[in-house]
Amino acid sequence: MDVKTLCLGILSCGDATGYEIKKHFEDGPMAYFYDAGYGSIYPALNKMSDEGLVSFKEMAQEGRPDKKVYSINQTGLGALKKALHGTPHRDKLRSDYMFMFMFTHLINEERRKDIYEEYLAFYRERAAEMKGEEDSECAEMAEDFDNLPGHDFVHGFGLAIYSAAIDFMENNRHLMFSDDEKQVAEKRSA
């Protein structure tokens, strides 16, 4: 999905500023499967406004510039529905960690363990957030999406992925930390 569609989706749940939309990608439920930054969100909002998909109200702030609160309109809702009926792109995992793990034989063991533990901790933290075991902004922001029929499915799917990753890493640590250089050399010569 393009950023315009992502923003329309968020706005379909309620009015929001560009900052609030960005927070959905950082700390909200969207953080688990999409990423968007200010450099793409604000141009998308401006373009959607120009195309008549959203409107905005400027609200005064004390000691700061006015903020724009965006609302989706019927034309924007129609554009969102049309995009949702399109063919989705296949999922693709982009991960610096996976790239580093692929070439783990070139990383000293201490650094390898640091990377591994950091990645495992990331998955544990995300799973804990999703289980509600930790206070987080994500839990608060998820309330915007709680009434959507697909929310529970997406939430459960995300939790299943994080849990499976944790399980795999905990049960396959030996693949990363056992006589690696010797095993790599043996596999190459075989």
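The values are calculated or read from the model by the stated rules, or taken from the named source; none is laboratory data. Computed from a predicted model, the values in this text were never measured in an experiment. Because the Cβ atoms are built from the backbone with ideal geometry, glycine has one as well, and the counts that use them run over all protein chains shown.
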Suppose we filter Asp35, Asp66 for residues that are among the acidic types (Asp, Glu) and part of a loop (DSSP other than H, G, I, E, B); which single one remains? Asp35
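So which of Ala83, Ala79 ends up being among the small types (Gly, Ala, Ser), under 23 Å from His155 (Cα atoms), assigned to a helix (DSSP H, G or I) and touching a Ser or Thr at 6+ places or on another chain (Cβ under 9 Å)?
Step by step, each of Ala83, Ala79 is checked, and only Ala83 is among the small types (Gly, Ala, Ser), under 23 Å from His155 (Cα atoms), assigned to a helix (DSSP H, G or I) and touching a Ser or Thr at 6+ places or on another chain (Cβ under 9 Å).
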Within region 1-51, restricting attention to residues that are in contact with a Phe, Trp or Tyr (Cβ under 9 Å, 6 or more places away or on another chain) and among the polar types (S, T, N, Q), which residue is nearest to Glu129 (Cα to Cα)? Thr17
Among all residue pairs at least 6 apart or on different chains, which show Cβ distances below 9 Å where the first residue, located in region 153-174, is touching a residue at least 60 places away in the same chain (Cβ under 8 Å) and under 14 Å from Tyr32 (Cα atoms) and the second is β-branched (Val, Ile, Thr) and outside any helix (DSSP H, G or I)? none
Condition first: under 15 Å from the mean Cα position of the chain (by Cα) and farther than 23 Å from Pro149 by Cα. Can you find one or more residues in region 10-21 that meet it? no
So Ala44, is it in a helix (DSSP H, G or I), over 13 Å from the mean Cα position of the chain (by Cα) and small (Gly, Ala, Ser): yes
Quick one: would you say Ser178 is at pLDDT below 85 and over 17 Å from the mean Cα position of the chain (by Cα)? yes
Within the group Lys57, Lys22, Lys47, which residue is within 30 Å of Tyr162 (Cβ to Cβ), not assigned by TED's automatic domain parsing to the domain that holds Ile161 and not hydrophobic (A, V, I, L, M, F, W, C)? Lys22
Does Gln74 satisfy the condition of being polar (S, T, N, Q), more than 26 Å from His155 (Cα to Cα), surrounded by fewer than 14 Cβ atoms within 10 Å (Cβ to Cβ) and in contact with a strand residue (DSSP E or B) (Cβ under 7 Å, 6 or more places away or on another chain)? no
Per the filter on region 154-175, residues exposed (fewer than 15 other Cβ atoms within 10 Å of the Cβ), assigned to a helix (DSSP H, G or I) and over 16 Å from the mean Cα position of the chain (by Cα) are Ala164, Asp167, Phe168, Glu170, Asn171, Arg173, His174, Leu175
